[in-house]
Each structure stands twice: as structure tokens, then as C-alpha cells.
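Only one structure is covered here, and it is reproduced in the block below.
The values are calculated or read from the model by the stated rules, or taken from the named source; none is laboratory data. Not measured: the values here are computed from a predicted model. Neighbour counts run over all protein chains shown; Cβ positions are idealised from the backbone, glycine included. The protein model used for the area step is the full one, side chains on, heavy atoms only, and it has no ligands, DNA or RNA in it. Shrake-Rupley method; radii C 1.70, N 1.55, O 1.52, S 1.80 Å.
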Amino acid sequence: MRAGVLGIVRDDFEVVDSFSETVERDDRELERVLDVRRVFSLPGGDVAFEGRAAVERVVNRTTTELDYGEVRVEETPRTETRVTEVVGVPGEFVVAGSGRGTFAFDLVSRDTGADIDRAALDLSALLEAQRDAEPWKAGFRELDGACENGVLHGSDLLSDERLADLLDGAAFNQLGLDCTYDDRSLKMTAAESGYVEVYRPSDFETAEFLQYLRDAVVPHAE
């Protein structure tokens, strides 16, 4: 896993266990499952976990029929299942595989009793902490002047004085960096809403991803 939405743990816990439960919604029994498949060590030696989370939910399916000049539209409830990867460091943070998978935070919270909130990232602080970083993407808002918001792509954007002046004082909502981590070249992107993805190295393993988040990203999360 090299991408996902970051959730910050507000309480302490040491272990995450697999569990399943059934809840009733709209007169249907729906299953919720947390399947912890692996417990392993980070490069720094701390314990982490990896697994999958799944929930059933009721959605309305719209069907349309044409019947001798009449159009009939009906909504029929059906059960669908959502699945996501989930990894994390007990007592510190959890990562769901996508924005649609943040229900995994609720399941981990249900198992551990700890509150888990989707992270809000301070991307300006993240950029400032990566002193050798070269931004290749910058999404911004709250600019003075005619240009209020936008997204720039390129290479080492801040080396261009015109762009540096434009972005000075901007509030970043997206940020892509070429930087160095653990003596390796790393290319990543992050969003203010808590999504983080590492593009390079392509062989970045789950444990390395979690260690990177812990070292470089979580300190700038709220």
C-alpha cells in the first residue's frame, strides 16, 4: 500500500483485532467486518497492522421501463458491499485505501474504543519541513488579486520567481513534492483533506509507507 486517506487516532490502543457484527437498517440485517490479516514491524521497530474492512449498506437502484407510451421509474432498495484496505500504527494513525473507504476508521474505533478523525494536513508546514523538496504540483486558494485559486504542474515550481511570488502566502490544498527520504529519491502528493500517495520508489512497501507517514506527514496533521 502506497496511498490512502490518513486518520489520526485521538486515544491510545495497542492491539487491533478482527471482528464482525450485524446491524439493522431499513428492516435489513447488514454485516460489518474488520479483517486484520497481518501484524508486522516498521523499519523503526514499532508494530503496525494491515487488513481489510467491509460494510454492507442499503442503496436505491433506479430502474426505468417503457410501457405503451408510459415511462415508469422505480427505485428498488438493494444491498451493496464496500471494501477497502486498511493499515495503521496502533495508538497513532490509521490509513484507509480511499476516500470511499474511510468507514474503516469507524470499524477500528468500534474495535479499540479510540476516536479516529480524518486528518487535515497543513501542506505549507509539510513543504517547509522538506528543505530539499522541489514542488511539482501546487493547488492553492485564498490568493489576493485576480487569481483566487488553481493548480500548477511542472518541476521545481518555486524556482520560478513569478510562481514563487504568486504562491507566497497562498493556502495550499494540494501539494506534490520531489524530495529525499531515508537517502532515497521520493515523489509524492498530498491533499489538505488527508489523502497521501507515494509514486516513487515504485517498490515502496507498506511498512516503508507507514514509516514515511509517521516521520514526515503525521507531524503536520490535525
For region 119-222, the convex hull over Cα atoms projects on average to an area in nm² of 6.4 nm²
Relative contact order of the chain, pairs being alpha-carbon contacts under 8 Å that are 6 or more residues apart, as %: 23 percent
Here the net charge surrounding Val83, from other residues whose Cβ is less than 15 Å away from its Cβ (Lys, Arg +1; Asp, Glu -1), is -1
Residue by residue through region 16-27, the couplings from Karplus 6.51 cos²θ - 1.76 cosθ + 1.60 with θ = phi - 60°, in Hz, x for Gly and Pro, are 10, 10, 5, 7, 9, 8, 10, 10, 9, 9, 6, 6
Listed residues Ala171, Ala104, Ala119, most fluctuating in the chain (Gaussian network, C-alpha, under 10 Å): Ala171
Taking 0.36 nm per residue of separation between Glu92 and Glu65 and subtracting their Cα-Cα distance, the length gained on full extension comes to 4.5 nm
Relative contact order as a percentage, region 150-189, C-alpha pairs under 8 Å and 6+ apart, gives 25 percent
Judged on accessible area alone, 1.4 Å probe, highest first, Ser159, Ser98 line up as Ser159, Ser98
State, to one decimal in nm, how far the label point of Val83 lies from the label point of Phe40, with both points 7 Å from Cα in the Cβ direction. 1.9 nm
Let me cross-check Thr189: its accessible surface, 1.4 Å probe, with only protein heavy atoms counted, in Å² to the nearest 10? 10 Å²
Starting from the Cα-Cα distance between Asp168 and Arg57, subtract it from 0.36 nm times their residue separation and give me the gain in nm to one decimal. 35.4 nm
Against the longest alpha carbon principal axis of the chain, how many degrees, from 0 to 90 and to the nearest 10, is the axis of helix 103-112 turned? 80 degrees
DSSP loop (so not H, G, I, E, B), at most 12 other Cβ within 10 Å: list which trypsin sites (Lys or Arg not before Pro) in region 15-93 pass both filters. none
Connecting every pair of Cα atoms under 10 Å apart in the chain and solving the GNM, the largest mean-square fluctuation among Tyr181, Tyr199, Tyr68 falls on Tyr68
For Tyr212, what accessible area in Å² do you get when you roll a 1.4 Å probe over the heavy atoms of the protein chains, rounding to the nearest 10? 0 Å²
Residues with beta-carbon under 11 Å from that of Leu42, excluding Leu42: net charge, scoring Lys, Arg +1 and Asp, Glu -1? -4
GNM top mover of Glu161, Glu74, Glu50 - the chain, alpha-carbon springs below 10 Å: Glu74
Per-selection Kirkwood Rh - region 97-161 (Cα, Å, 1 d.p.): 15.1 Å
Once you place label points 7 Å from the Cα toward the Cβ at Ser155 and Asp11, how far apart are they in nm? 5.0 nm
So how much slack lies between Glu128 and Asp26, counting 0.36 nm per residue of separation and subtracting their Cα-Cα distance, in nm? 31.8 nm
Answer rounded, prolate or oblate for region 50-137, using the Cα gyration tensor with square roots of eigenvalues a ≥ b ≥ c: rounded when a/c is under 1.5, else prolate when a/b is larger than b/c, else oblate. oblate
Rounded to the nearest 10 Å², the 1.4 Å probe accessible area of Glu14 is 150 Å²
With viscosity set to 1.306 mPa s at 10 °C, what whole-number translational diffusion coefficient in µm²/s follows for the chain from Stokes-Einstein and a Kirkwood radius over Cα pairs? 81 µm²/s
